[in-house]
Amino acid sequence: MRNIAVFASGNGTNTENIIAYFSTRNTVKVALVLSNKRDSFVLERAAKHNIRSVFFDRKEFYITGKVLRYLLLYKIDFIVLAGFLWRVPDNILDPYKDRIINIHPALLPGYGGKGMYGEYVHRAVIESRDKESGISIHFVNESYDQGAVIFQVKCKVEPSDTPDTLAQKIHALEYQHYPKVIEDIVTKLPEFSVKSSEEA
Ligand code: GAR
């Protein structure tokens, strides 16, 4: 059994879908949900499933090491970003090298980068009159949406699609694929261990 932490900034439907998927399996445990928004609905979703959640502010993420301490305390093997909007700092990227993934609601390298999230992405795809969009699951590094892509799947964009209807199609793909991709990667990983110099 491997422990994962899910980071989310908003509604958290992917987080809840991941929690539900792993609640009936003995491969992976969602041990912690973390959010940088105190009033984000994802924290209520975690509570509903009796999963420990943590709110953190900018200082606790980038400076004091509070978030890393929680990850080590809960023996987190792997980190999943699901609608999380801050860049991950080096104090977490370094010990969790190749152990952090993100989902992006478009076909990277298109429509990525700072400020490209959620409905902004779908709006840009519709305005460009693209005929297809999709989801990208990728490793996280120091630049927004630029780590190696692990998985992509496409969907059609119809002329009648709006940012809302496209978001629904994309969310359906995310629910279908993200938990399985997580499981596939995490179950092949050796257990996480940190050198004592990295412990916060
Ligand atoms: C998801 O569509 C995810 O791909 C996107 O935010 C949404 C979160 O939905 N992430 C990004 O745009 C990251 N750049 P949710 O809160 O309902 O899971």
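Here is a yes/no grid of residues against (1) out of contact with any strand residue (DSSP E or B) (no Cβ under 7 Å at 6 or more places or on another chain); (2) touching a residue at least 12 places away in the same chain (Cβ under 8 Å); (3) part of a helix (DSSP H, G or I):
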position	(1), (2), (3)
Ser9	no, yes, no
Arg25	yes, yes, no
Leu32	no, yes, no
Ala47	no, no, yes
Arg69	yes, yes, yes
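Please tell me if Lys114 is of a type in the set (Lys, Arg), within 15 Å of the ligand (Cβ to nearest atom) and under 23 Å from Leu34 (Cβ atoms). Considered against the rule, which asks whether it is of a type in the set (Lys, Arg), within 15 Å of the ligand (Cβ to nearest atom) and under 23 Å from Leu34 (Cβ atoms), Lys114 comes out as yes. Among the residues of the stretch 58-77, is there at least one that is surrounded by 14 or more Cβ atoms within 10 Å (Cβ to Cβ), at pLDDT 95 or above and among the small types (Gly, Ala, Ser)? No - not one qualifying residue is present in the stretch 58-77. Evaluated against (1) without any contact (Cβ under 8 Å) to a residue 40 or more places away in the chain; (2) under 20 Å from Phe78 (Cβ atoms); (3) surrounded by 14 or more Cβ atoms within 10 Å (Cβ to Cβ), His177 falls short on exactly one condition, (1). Taken over the stretch 157-200, the criterion of being touching an Asp or Glu at 6+ places or on another chain (Cβ under 6 Å) and modelled with pLDDT of 95 or more is satisfied by Val157, Pro163. Within the set Ile150, Ile126, the sole residue that is outside any helix (DSSP H, G or I), touching a residue at least 40 places away in the same chain (Cβ under 8 Å) and either among the hydrophobic types (A, V, I, L, M, F, W, C) or within 10 Å of the ligand (Cβ to nearest atom) (or both) turns out to be Ile150.
Is there a residue being in contact (Cβ under 8 Å) with a residue 40 or more places away in the chain, under 23 Å from Ala5 (Cβ atoms), buried (at least 16 other Cβ atoms within 10 Å of the Cβ) and within 9 Å of the ligand (Cβ to nearest atom) anywhere in the stretch 184-194? No, the stretch 184-194 contains no residue that is in contact (Cβ under 8 Å) with a residue 40 or more places away in the chain, under 23 Å from Ala5 (Cβ atoms), buried (at least 16 other Cβ atoms within 10 Å of the Cβ) and within 9 Å of the ligand (Cβ to nearest atom). With respect to (1) more than 12 Å from the ligand (Cβ to nearest atom); (2) surrounded by fewer than 16 Cβ atoms within 10 Å (Cβ to Cβ), the lone exception for Phe139 is condition (2).
Taking the options Arg52, Arg87, name whichever one is touching a strand residue (DSSP E or B) at 6+ places or on another chain (Cβ under 6 Å), surrounded by fewer than 20 Cβ atoms within 10 Å (Cβ to Cβ) and under 23 Å from Pro179 (Cα atoms).
One residue alone meets the criteria, Arg52.
The values are calculated or read from the model by the stated rules, or taken from the named source; none is laboratory data. Predicted, not measured: the structure shown is a model, and the values here were computed from it. Glycine gets a Cβ as well: all are built from the backbone with ideal geometry, and neighbour counts include every protein chain shown.
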